[in-house]
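The values are calculated or read from the model by the stated rules, or taken from the named source; none is laboratory data. Predicted, not measured: the structure shown is a model, and the values here were computed from it. Don't worry about glycine lacking a Cβ; one is built from the backbone with ideal geometry, like all the others, and counts go over all protein chains shown. Side chains are part of the model used for accessible areas, which takes the heavy atoms of the whole protein and leaves out ligands, DNA and RNA. Shrake-Rupley method; radii C 1.70, N 1.55, O 1.52, S 1.80 Å.
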Amino acid sequence: MEAEAIPPARQNSILRTHFRKQFAAMRSLHNSPSWRNDPFIEDFIDRQIDHYLVELQDKLAGLRAYLDQVQVSRTALLELASGEDRRSAVRQWENSLKQVERHSGDIWNQLRYVFTGLEDKDRFKPRFNTNDKESLFQPQMQYLEEEVAEAEKEIQLYFFEASRTIAVEDIKGENMLIHLYHVRQMAKKLKGEKC
């Protein structure tokens, strides 16, 4: 029987602290010093972290899949002049953007409850000019792709890279939460634009 591969995030002090606090709140163990070394509790925290990571990976995969669907519907809209096929592509475009908005918001919420010390918003406002509609929002789509890629990269490095230890101080500034916020805001704005 093979030994279970231990996810590096199990040793992440921020995640462990977050789930210890949740456990303590559930059990009202604030005044009991011995509970921190209890193997049952540590195993429970490990399982909570594992579940958190699986959920995070699933949401990231969903975000990426819906962003890919946005690109597919955008390509169809560029090729179709009119008719039912175009209306169907517009519905696909709007639905996929709605899902990008929803998934980026879900991931943003999941992360901000753990990273309470990180900035989670900035003053970002999606920008458009008169040529954007003609290109079917090429600059905005490129921006969405870049922001999703940055968020994925930072999340991957922070939670899933075994050889990397990153302190919270190292991810301040334009961090994974800010990138996800930008994705959510851009998808929301694009969803309201006419194709």
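Checking the table 21/98; 125/188; 59/133; 153/189; 59/194 against a 22 Å threshold on Cα-Cα, which pairs fail? Please list the in-between numbers first.
On the way: 21/98 34 Å; 125/188 11 Å; 59/133 30 Å; 153/189 24 Å; 59/194 28 Å.
Result: 21/98; 59/133; 153/189; 59/194 exceed 22 Å.
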Q) What spacing in nm lies between the two simple spin-label points modelled at residue 50 and residue 64, each 7 Å away from Cα in the Cβ direction? A) 2.3
Q. Given a Förster distance of 30 angstrom, what is the FRET efficiency for residue 81 paired with residue 129, based on the Cβ-Cβ distance and rounded to 0.05?
A. 0.80
Q. Per residue, how much accessible area does segment 38-153 have with a 1.4 Å probe, in Å²?
A. 56
**Q.** Value of Rg/Rh across segment 54-195 [Cα atoms, Kirkwood radius]
**A.** 1.02
(Q) Between residue 122 and residue 156, how high is the FRET efficiency from 1/(1 + (r/R0)^6) when r is the Cβ-Cβ distance and R₀ = 22 Å? Nearest 0.05. (A) 0.50
